[in-house]
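Since the structure comes first, as structure tokens, the remarks are kept for the end.
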Amino acid sequence: MEIDLARVLARRLGIPRVRFLNERLFSTLLNPGPKDWDIALAEISVTAPRATRVDFSTPYLSADQGVLVRLGLARNPNRRPAHPAALRRARDDGKPARRQDDQAAS
């Protein structure tokens, strides 16, 4: 997807040639110092700390990512399993989602 996007951007900006580089270390994209590229297309999450080091475009991809759990995964005997719906309610602020049975009790 990034290659197609780079070509479309170049065409719209009137850039006659696009050269693709594979940056081995992600941190290099964000570290200060000279770069041998002008634009990075790497599905980079926009965060406030990163925005202090680089300029971001409007996001071009929204990913609704989840966690896969293998069927039949042995559970930890010292802990009750969470209901799968609780995983859908995990919060971005670092606080754990309430369990399904906890919600029914409140």
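The values are calculated or read from the model by the stated rules, or taken from the named source; none is laboratory data. Model, not experiment: these values are computed from the prediction. Positions of Cβ are backbone-derived with ideal geometry, glycine not excepted, and every protein chain shown enters the neighbour counts.
Below, the figures for the structure above:
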| quantity | calculated |
| --- | --- |
| Complete set of residues in region 21-73 that are assigned to a loop (DSSP other than H, G, I, E, B) and aromatic (Phe, Trp, Tyr) | TRP37, PHE56, TYR60 |
| Count - residues of region 45-76 that are in contact (Cβ under 8 Å) with a residue 24 or more places away in the chain and within 12 Å of LEU30 (Cα to Cα) | 1 |
| Residues of region 40-70 classified as within 12 Å of the chain's Cα centre (by Cα) and of a type in the set (Asp, Glu), total | 2 |
| Filter result for the condition that a residue is under 21 Å from LEU5 (Cα atoms), of a type outside the set (A, V, I, L, M) and assigned by TED's automatic domain parsing to the domain that holds ALA6, over SER45, SER57 | SER45 |
